[in-house]
Amino acid sequence: MKIAIGCDHIVTDVKMRISEHLKDLGHEVIDFGTYDKHRTHYPIFGKLTAESVVKQEADLGVVLCGTGVGISVSANKTPGARVALVRDTTSARIAKQQYNCNLIAVGGAVTGIDLIKNIVETFINTAYTQTDENEALIRQIDHVLESEDVHYTDDMFDLYLEKWNEGAYQD
């Protein structure tokens, strides 16, 4: 299975450990970064990871930041992405089983590495249970993203990345 993964600078080391764990299990990992501890803006990595799943370049995705909150919110802005913020294996299982989530988000600074490994394995190994009720819920969830007020472009982060590369952002 192809798993897309992305994170912010706070949990790069956690992402690398999860990536290695996935490879040890026989999965192919598509790593969207970040790759070091230099301060980044996690929405970029959440978007890139979610887009790869939606475009079916990856089967599933995992996004991480300190708490998982910020990157889950940003990844969920990608049309077609259903990202669940999970902190335990039960939530990971339900996210996939009932809501057919295609990505999960985890807080790498607030969740232990062994638990994250279990969460990711549970998510990957759980099958979606197709029922009329689950399908109706998913249609309702997906309909929220069809608002006329939502406008996405493929180059929406280009200006920010250009400014970042020029050193415009000083934290």
For the subset of the stretch 1-11 comprising residues that are in a helix (DSSP H, G or I) and closer than 15 Å to S72 by Cβ, which member is farthest from the chain's Cα centre (by Cα)? I10
I need the full set of residues from the stretch 101-124 which are touching a helix residue (DSSP H, G or I) at 6+ places or on another chain (Cβ under 9 Å) and open to solvent by 50 Å² or more (accessible area, probe 1.4 Å), in order please. A109, L115, N118, E121
Filter the stretch 125-154 for residues that are exposed (fewer than 10 other Cβ atoms within 10 Å of the Cβ), at pLDDT 70 or above and under 22 Å from the mean Cα position of the chain (by Cα); which is nearest to I5 (Cα to Cα)? A127
Within the stretch 94-147, can you find the residues that are more than 21 Å from D59 (Cα to Cα) and assigned to a helix (DSSP H, G or I)? I113, D114, L115, D132, E133, A136, L137, Q140, H143, V144
Could you pull out the residue among H9, H21, H27 that is over 20 Å from D155 (Cα atoms), modelled with pLDDT under 95 and open to solvent by less than 50 Å² (accessible area, probe 1.4 Å)? H9
Test set (1) under 17 Å from T40 (Cα atoms); (2) open to solvent by less than 10 Å² (accessible area, probe 1.4 Å); (3) within 10 Å of the chain's Cα centre (by Cα) - S74 fails condition number: (2)
Residues Q56, Q97: which one is out of contact with any helix residue (DSSP H, G or I) (no Cβ under 7 Å at 6 or more places or on another chain), open to solvent by 10 Å² or more (accessible area, probe 1.4 Å), at pLDDT 95 or above and on the phi > 0 side of the Ramachandran plot? Q56
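The values are calculated or read from the model by the stated rules, or taken from the named source; none is laboratory data. Predicted, not measured: the structure shown is a model, and the values here were computed from it. Cβ atoms come from the backbone with ideal geometry, glycine included; neighbour counts cover every protein chain shown. The accessibility values were calculated without ligands, DNA or RNA, using every heavy atom of the protein model including side chains. Shrake-Rupley method; radii C 1.70, N 1.55, O 1.52, S 1.80 Å.
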